[in-house]
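The block underneath contains the structure these notes are about, expressed in structure tokens.
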Amino acid sequence: MQLDQINPYVSKVMPSAMRKFDHDISADKKIIKLTLGEPNFNVPEHIKQAAIEAINHNESHYPYYWGYQPLREAASNYYQEKFGYDYPAEQILVTVGATEAVASTIKALFKPGDAVIIPTPAYPLYNALTTLNELHTILVDTSDDGFVLTPEKVQQAVSAHPDWDVKGLILTDPNNPTGIAYTEDQLKALVPVLKEQGIWVISDEIYGELTYGQKHYTISKWLPDQTIIVNGLSKSHAMTGYRLGLVFGPAGFMDEIAKVHQYTVTAAASIVQYAAIEALTNGQDDSKPMLQAYQKRRDFVAKEMAEAGFDVVHPGGAFYVFAKIPTALHMNSWDFVNTLAKDYHIGLMPGDPFGDNHYVRISYAASDEALSAAMKAVKQLVVDHSTPTAE
Ligand SMILES: Cc1ncc(COP(=O)(O)O)c(C=O)c1O
């Protein structure tokens with residue numbers, strides 16, 4: 001077989017532009033990176049100890065593919081208390097990170113040719129997965145609505161594609177890259193059109209614990225029969241490398257998602273599942289110190305970027321500021337991040353891979369020193385490169 005004969009849907013998907021950019025700029029030993037969504041906190045000590053104990057007790061055998069029962073029970077209680085999720089252990093699947101959770105859910109719910117709405121800007125994973133699964137992707141730009149998806153936009157997306165069967169919506173709340181956290185009213189407003197059109201929601205709530213001064217709501221509360229929730233420990237417990245995700249949804253549908261999961265990965269790693277039991281049993285407050293630090297940094301970065309002339313929609317959650325590049329710079333997002341990396345040794349993410357080439361994303365899950373240096377460099381770049389726009 002020749003390379004041009006392989007699955008065209010795989011050929012269509014490019015390796016992550018974010019990861020490549022991050023890798024490329026890492027060659028600069030002086031670079032300060034605010035690129036990936038990587039918490040700069042260590043895994044809490046009690047969780048690490050649980051992982052070590054699991055190793056010492058030789059917990060090295062194949063786990064049940066749904067995940068260990070005590071973990072599913074701990075997840076049921078934890079998320080009930082935190083966000084009012086209403087799922088017994090039997091409706092919870094343990095996955096290899098939120099990434100595999102989204103991948104297995106998309107594979108199970110949709111068949112080739114179905115259409116899925118992705119509000120943009122969006123985490124690039126989704127578009128890659130809809131392509132790999134031979135789905136139609138409907139990108140819906142939310143920038144003119146303060147980055148919030150409205151029911152009108154959902155209706156327009158359906159009406160604009162009369163030949164497609166619009167089956168799904170991937171909602172990220174709080175959002176990466178914008179940091180927007182939906183209010184109760186904004187979520188409720190979406191429910192009638194989703195019900196009427198029979199659109200399933202994959203609700204990616206991986207940043208659910210990271211909201212600032214506002215409560216996290218889940219759309220599943222008003223749309224339980226059409227929602228699959230994705231969550232996990234990567235952000236709330238700074239456990240990105242452990243790869244522990246969770247899926248919550250209606251009973252019969254969960255069986256189908258679990259099948260895809262089983263035949264793809266068998267199960268999440270045994271040691272990690274023991275660490276997760278500890279996190280979800282005794283780690284209710286683990287995110288508190290992180291939250292305090294993030295909120296302070298968010299306020300600092302949002303203020304500094306606004307002062308530098310960027311448009312910033314104040315983020316209510318996650319750990320990103322998504323900022324619009326001043327027109328006086330005459331730069332798209334790649335020009336901006338390449339110049340900032342090459343000449344000022346600061347790494348930010350271009351908005352382009354998220355679907356908006358006018359913006360940059362700053363991850364403020366970084367030290368205060370790194371953020372101060374980055375803001376100083378951004379301001380200097382603006383001074384060095386601004387030219388008035390011709391009238
Ligand atoms: C919105 C969103 N979903 C999912 C993920 C992936 O999570 P995990 O590391 O648990 O696979 C990320 C990671 O940055 C994310 O931002």
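The values are calculated or read from the model by the stated rules, or taken from the named source; none is laboratory data. Everything numeric in this text was worked out from a predicted model, so none of it was measured. Positions of Cβ are generated from backbone atoms using ideal geometry, with glycine treated the same way; all protein chains shown enter the neighbour counts. In case anyone asks, the SASA skips ligands and DNA or RNA and just uses the protein heavy atoms, side chains included. Shrake-Rupley method; radii C 1.70, N 1.55, O 1.52, S 1.80 Å.
For region 103-161, count all C-alpha to C-alpha pairs, find those more than 15 Å apart, and express that count as a whole percent of the total.
49 percent
Normalised by the number of residues in region 45-282, what is the relative contact order in percent for Cα pairs under 8 Å and 6+ residues apart?
31 percent
Taking only protein heavy atoms into account and a 1.4 Å probe, give the accessible area per residue of the chain in Å².
Ligands and nucleic acids excluded, the result is 44 Å² per residue.
Between region 266-312 and region 182-230, what's the alpha-carbon centroid distance in Å?
The two parts, judged by their Cα centres, are 20 Å apart.
Ignoring ligands, DNA and RNA, what percent of the 1.4 Å accessible area of region 45-282 is carbon and sulfur?
C and S atoms contribute 51 percent here.
Taking region 289-362, which trypsin sites (Lys or Arg not before Pro) meet the DSSP loop condition and have no more than 14 other C-beta atoms within 10 Å?
Counting only loop positions with at most 14 other Cβ atoms within 10 Å, none of the trypsin sites (Lys or Arg not before Pro) in region 289-362 qualifies.
Tell me the mean residue ellipticity at 222 nm calculated for the chain from its helices only (DSSP H runs of n ≥ 4, each -39500 (n - 2.57), averaged over every residue, nearest 500).
Roughly -13000 deg cm²/dmol at 222 nm, from the helical runs in the chain.
What residues qualify as long-range amide H neighbours of Leu246, i.e. H under 5 Å apart, gap of 5 or more or another chain, H built at 1.01 Å from N?
Under 5 Å from the amide H of Leu246: Thr95, Asn231, Gly232.
Order the peptides 210-220, 28-38 from the highest to the lowest mean number of other Cβ atoms within 10 Å of their residues.
210-220, 28-38
Please sort through the DSSP H helices of the chain and keep those with an alpha-carbon extent of at least 15 Å along the long axis and a Kyte-Doolittle average not below -1.0.
The qualifying helices are 45-56, 97-109, 184-197, 251-265, 270-282, 333-344, 368-385.
Could you give the length gained on full extension between His57 and Asp163, defined as 0.36 nm per residue of separation minus the Cα-Cα distance, in nm?
Difference between extended and current length: 32.5 nm.
Sticking with the crude label model, points 7 Å out along Cα→Cβ, report the distance from Asp255 to Lys215 in nm, one decimal please.
With each label point 7 Å from Cα toward Cβ, the separation is 3.5 nm.
When the distances between all Cα atoms of the chain are binned every 20 Å from zero, what whole-number percent does each bin get?
Taking all Cα pairs of the chain, the binned fractions are 27, 58, 15, 0 percent.
Ranked highest first by average number of other Cβ atoms within 10 Å, how do 233-242, 170-179 line up?
Final packing ranking: 170-179, 233-242.
Could you tell me how far the Cα centroid of region 21-84 sits from the Cα centroid of region 1-17, in Å?
Centre-to-centre distance over Cα atoms comes out at 31 Å.
Please work out whether region 258-323 counts as rounded, prolate or oblate from its C-alpha gyration tensor, where a ≥ b ≥ c are the square roots of the eigenvalues and a/c under 1.5 means rounded, while otherwise a/b larger than b/c means prolate and anything else oblate?
Note, shape of region 258-323 comes out oblate.
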